[in-house]
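We did not get these values from a lab; they are worked out from the coordinates using the rules stated. This is a predicted model, so every value here is computed, not measured. Cβ sites come from the backbone with ideal geometry, for glycine too, and all protein chains shown count toward neighbours.
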Amino acid sequence: MSAFPPRAALDARWPPAHRLGAMLEARAPRPAPAVDDDDDDDDDARSRGERASGDVAPTRATRAPAFRASLFGFEDVSAFVDASEAEREQVVRLASQAVLREACGIERSGMAYAAKMALLAETVDERALYCHFAADEATHFARVAAHLDAPPRPGDPLDPFQALLVDAIDEGPRAALLFLVQVVLEGWGLAHYRRLLDGCASPGLARELRAILRDEARHHGSGLVLFDEAELDPRAEAFVEERLAALLALVAAGPIASLDALERGLGHLGRAGRARAFAELRGAAEARARLARLRALAACPALAAVVARLDARGAFTPHASEPT
Ligand SMILES: [Fe+2]
Ligand SMILES: [Fe+2]
């Protein structure tokens, strides 16, 4: 007999008043101190010399953007190309910070997910595995947060994707979460972090991203091993369909965060300017590729009917222009 209560009992007992996401929002670990991106001792020595002679060391808010403009496709946007160098740097900085804030939110949700799955585990081995994952996610959070201009604070507003994730982890039954988080989202996250690494302009952050990628590959791989289609009851299946539809709707909308960074960095673009930038960012093509990746990750025999229903609703079809 299992040493732990059956999963169904734990799922049913999960108290809404003690929502894990909210708890971790309130008790998020302190991010690591801001990092030094210098890669060699000569740079360190020069930097010490400059500081000793009165130069001001870069602060979080004055560091160069963490990612290159090419990561976001800004080099094809005419409003960006025509802007001053300072404006372009500001746009890339804003977009980079948005990506890092989103990554911090995902890692914080990863802690909540691992903690919930540790409590729902049926064996000591599985519980230990999720406790290790929780430690990984806490480390990832600190590593990414060290590259934010301003450290995350409890009560910071959640963007729609983070809110979706927090809510799903709070409410989802175990089998549905294993599929949604570990099979679909961690698989998707691997491709996302690889893209970030390719577009990374900071040697220090690139080191962190490589370490995170190694861990995330283990998380996703163990999800593929642990996920058992037979455990997907009708309630879990309905939960997967509802939350997957919400996720696909966000992805189908295209690169809204990049558009917002352009507008904040360059000033008001106007409706026509945003529409032009959406087209120049190849928003629909990017969204189509991401939706196809999500469909491939969600493809399992037990959920073929769910994917077919989502397809019939047009959930895997990107918006041709920015949704109004
Ligand atoms: Fe992580
Ligand atoms: Fe993870």
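List of remarks:
- Extension gain, Val81 to Ala296, is 73.9 nm, computed as 0.36 nm per intervening residue step minus the present C-alpha separation.
- Charged-residue dipole, Cβ positions (Lys, Arg, Asp, Glu), the stretch 77-213 about Cα centre, Debye nearest 20: 260
- Cα gyration tensor category, rounded, prolate or oblate, for the stretch 283-324 with a/c compared to 1.5: oblate
- Length gained on full extension, Arg271 to Ser321: 16.9 nm, using 0.36 nm per residue less the C-alpha separation.
- Shape category assigned to the stretch 208-279 from the gyration tensor of Cα positions, a/c cut at 1.5: oblate
- Full extension of the segment from Ala279 to Glu242, taken as 0.36 nm per residue of separation minus the current Cα-Cα distance, would add 10.4 nm.
- Percentage relative contact order, the stretch 123-229, counting C-alpha pairs under 8 Å, at least six apart: 34
- Protection-proxy order for peptides 244-251, 315-322, each taking the mean of Cβ atoms within 10 Å per residue, highest first: 244-251, 315-322
- In this structure the amide hydrogen of Ala146, modeled in the peptide plane, comes within under 5 Å of the amide hydrogens of Ala32, none closer than 5 places in sequence on its chain.
- Around Ala134: net Lys/Arg minus Asp/Glu count, Cβ-Cβ under 12 Å: -1
- Projecting label points 7 angstrom from Cα along Cα→Cβ for Glu126 and Val225 puts them 1.4 nm apart.
- Prolate/oblate/rounded call for the stretch 81-199, Cα gyration tensor, a/c under 1.5 rounded: prolate
- Normalised by the number of residues in the stretch 228-324, the mean separation of alpha-carbon contacts (under 8 Å, six or more apart) gives a relative contact order of 45 percent.
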